[in-house]
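**Student:** I am attaching a structure below and will ask some questions about it afterwards.
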């Protein structure tokens, strides 16, 4: 079950990394970045392309190697816990927000809930 979860994370990060790298302006706009200068575009591609691709590789590696699956799960918990907290606090602070922001937040919260469920189940 942990391997499946890690593969899902790898696929999600891989797809989003490619999509955000190839369709920079469109994906940036859908996430609320209405205007980016050249430095902002570079930063966007670095984080939404490069960092997400690196996470995809790590999650795939951890899924593939059974001895690393618990480490991959720990990364997911450590990654999603602050993301979910910051996401929902910022949504409350800046309401109203776009539907895409809520959809991404729901996905992140789901990934956290599954990671925590697996973490406590496998202890």
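The numbers here are math on the coordinates, done by the rules we state, and not lab data. Fair warning: this is a prediction, and the values are worked out from it, not measured in the lab. Note that each Cβ is placed from the backbone with ideal geometry, even for glycine, and that neighbours are counted across all protein chains shown.
**Student:** To one decimal place, what orientation-averaged projected area in nm² is obtained for the convex hull of the Cα set of the range 47-123?
**Tutor:** The number I arrive at for the range 47-123 is 5.6 nm².
**Student:** A further question follows. Just to verify a number: FRET efficiency for residue 92 and residue 123, C-beta to C-beta distance, R0 = 25 Å, to 0.05?
**Tutor:** Computed FRET efficiency for residue 92 and residue 123: 0.20.
**Student:** Right, next: Using only Cα atoms, locate the centre of the range 65-95 and the centre of the range 7-62, then give the distance between them in Å, rounded to an integer.
**Tutor:** Going from one Cα centre to the other spans 16 Å.
**Student:** Further question: For the range 23-63, place one equal point scatterer on every Cα, skip the solvent, and apply the Debye formula. What is log10 of I(q)/I(0) at q = 0.22, 0.25, 0.29, 0.35 Å⁻¹?
**Tutor:** Values returned for q = 0.22, 0.25, 0.29, 0.35 Å⁻¹ are -0.68, -0.79, -0.93, -1.14.
**Student:** Roughly what would the spin-label model give for residue 116 and residue 39, points 7 Å off Cα along C-beta, in nm?
**Tutor:** Here the answer is 3.8 nm between the modelled labels.
**Student:** Given a Förster distance of 25 Å, report the FRET efficiency between residue 74 and residue 15 from their Cβ-Cβ distance, rounded to the nearest 0.05.
**Tutor:** So, using R0 = 25 Å, E works out to roughly 0.60.
**Student:** In whole angstrom, and with the biggest value first, how far do the Cα coordinates of the range 1-110 range along each principal axis?
**Tutor:** Principal extents (Cα only, largest first): 44, 30, 18 Å.
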